[in-house]
Amino acid sequence: MTIIPRRSNRVLLCLMLAGVLSWLMLDAVSMAPNRIVPGTPHRAHEVMGWWLSLLSLLPMLAIAALAWRPDTGRLRVALGLLVLLLAAMPLWLAAAVSALADPSMPQARLGIGPALWVLLFLWLLGVIELRTRLGLSRPMGWLLLVPVLLGWWLALSRWLEPLALYREYQGRSDQFISAVGHHLALVGAAVGASLVVGVSLALAMRRFPGLRRAGFGVLNFIQTIPSLALFGLLLAPLAWLAGRFDWLASLGVSGIGWAPAWLALVGYSLLPMVRNTYVALEEVDPAVIESARGMGMSRRQAFLQVRLPLALPVMLEGVRITTVQAIGLTAVAALIGAGGLGTFIFQGLGQAAMDLVLLGALPIIALALVADALLGALTERLRHGGAS
Amino acid sequence: MSGASHTSTLHRYLAGGWALFLTRWSVPLIWLILLLLLTFGMSHMEGVFRLVEPDTREVIYRRTSFAALLGQHLLVVGVASLLAILLGVGAAIAVTRPAGRDFQPMVAQLASIGQTFPPVAVLALAVPALGFGTLPIIVALLLYGLLPIVRNTLAGLSGIDAGVREAARGMGMTGGQILRQVELPLAAPVILAGIRTSVTINIATAAIGATVGASNLGDPIISGIVNGNTAYIVQGAVLIGLLAITIDSLFDRLQRHRPLST
């Protein structure tokens, strides 16, 4: 149980004050007649009038009031209000669409303005703060997101067709889904390969101590090289190899594409994987192994039934780091034609189509967060399971 | 560190002079020399790159000199990293003082969640917000570079044994003195490790910044990919790699012995 002091929660007060200011002073949405013309920005009060826009500040003011003299109950109510606000944002956007829509412009696009991005950020910070103060568990925190996602889904499926981000998605929904699949496949292939190679390497390092120094030296070195440079450096030799050996070329290996991307991803993934596996295996208390051996276990049994299970949480931590890192690096790999969600980012940057950039960047962030949360939860579970 | 060994370190410094300096910093120096040699000598290596791209008319990237590209790269990374160090260490100090302690859990959570964001995605998000050019890159690098520094500074400061602080207070030190003379020196290795991570990521991310209109060492790579000129790619990649390794080996030395500090 966390102890909640009876003085005001200044974090929440600050966040809500900043929220009120950004709602009143920054542009909430922008409306553009089509994809090419830049949109006209609108503040909240221009969309819904002064009265309503001031009225819509009430939830935030209420949260601030609750944070003035907080106790557990009040903070719970504040958390509920924050989640409600997050879920209401897409509904407000839908209302803005109907207020600003012009029937003569069927291709009109609604852009999300800085005020809403700032509010989204501040409210999420508020949720994080309250989750910590109330001592809510991780799964509870994720549960809080359910109504928010529901709100977005509802609004997107019914009223938010003019949302620019959604229009970009609709224009290429097939491409988008295959890009997500491609992204995940590349990440999976790289993490899988580095898991196999990394664990073998860690085992070899335990057997041959001489290999340790050199191995970690090389892996550290690879990790230092910037991704764009490593992709570039792999390009020339792979193109040469593919030109020389036909069977490689028939496998789809060439200077650009998945081959250099995959190799580089494995290279980057090896360091966290090997380091965590090695440390995890080494850190198991020798007394535990000793007693396992004393109980009549063979060397092999002691390794497989005692050392490996005890080391598993830390090894899994390595998989988590590797996966999150690979999701980000795969985005860069789009530059060398490896496909995936990064394609949208770089296409969007090339065409100065910012919503296309968002269509690539936001799912990448979401993927990284989800992978981090899932693998983190799995590690947590193994850790507690291992203790029993 | 005791006074005696302090003096002897100083003495050895003066006596050893250049020889000691060179042996201590030899690794980063060698990388630096290699980096500078290639930066200025790349244009004379047409023969080598002819082997990579035999059929192309132009094999040396000439739109901007490599020295200018290197300078731009260093400038962007330097400005962003310097600001990130100032703001990051400052923020971490602020939230560990009594006045700012309320904010500590949120800042710590933010720093750890933020690090799951891929740097490319942060860079991509900076462009819609700030437009093309060098500014969004500096801002993106600054924001992303803050995270490891804040996280490590927090870890370093909160890892200090409460007894140490207590003892310093008992000796009559003020809050500011404890911070400067006890807390920061004790946390320095962890903070330095955070700065190293931050700078390494910044060098790599700045290179990708070439796609959003900054001119730096990523330029030859992007231009090589667009025009299908492998020689350009190799030139950019080698220089960025060398730059990253030079800076990293410098940090490696700094972390091993911090001369004349503490």
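Laid out as a table, the results:
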item	result
Candidates A:360, A:340, A:348, filtered to the one that is small (Gly, Ala, Ser), surrounded by 15 or more Cβ atoms within 10 Å (Cβ to Cβ) and more than 9 Å from chain B (Cβ to nearest Cβ)	A:340
Matching residues in segment A:315-356 - criterion: being assigned to a helix (DSSP H, G or I), farther than 20 Å from residue A:261 by Cβ and among the hydrophobic types (A, V, I, L, M, F, W, C)	A:315, A:316, A:354, A:356
Among the candidates A:256, A:222, residue that is surrounded by fewer than 18 Cβ atoms within 10 Å (Cβ to Cβ), within 14 Å of chain B (Cβ to nearest Cβ) and touching a Gly at 6+ places or on another chain (Cβ under 6 Å)	A:222
Given (1) within 14 Å of another protein chain (Cβ to nearest Cβ); (2) assigned to a helix (DSSP H, G or I); (3) under 23 Å from residue A:196 (Cα atoms), index of the condition residue A:281 fails	(1)
Any helices (runs of 4 or more DSSP H) falling wholly within segment B:30-130 and containing at least 1 residues that are within 14 Å of chain A (Cβ to nearest Cβ), under 29 Å from residue A:13 (Cβ atoms) and in contact with a Phe, Trp or Tyr (Cβ under 9 Å, 6 or more places away or on another chain)	B:66-96, B:104-114, B:119-130
Any hit, segment B:136-157, residues being part of a helix (DSSP H, G or I), surrounded by fewer than 16 Cβ atoms within 10 Å (Cβ to Cβ) and modelled with pLDDT under 95	no
Sole residue being in the same structural domain as residue A:156 (by TED's automatic domain parsing) and modelled with pLDDT under 85, chosen from A:56, A:98	A:98
Qualifying residue in segment A:140-147 (condition: surrounded by 14 or more Cβ atoms within 10 Å (Cβ to Cβ), farther than 25 Å from residue A:379 by Cα and in the same structural domain as residue A:14 (by TED's automatic domain parsing))	yes
Residues located in segment B:190-219, provided they are more than 9 Å from chain A (Cβ to nearest Cβ) and not hydrophobic (A, V, I, L, M, F, W, C)	B:194, B:196, B:197, B:198, B:202, B:209, B:215, B:216, B:219
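The values are calculated or read from the model by the stated rules, or taken from the named source; none is laboratory data. The model shown is predicted, which means the values in this text are computed figures rather than measured ones. Glycine gets a Cβ as well: all are built from the backbone with ideal geometry, and neighbour counts include every protein chain shown.
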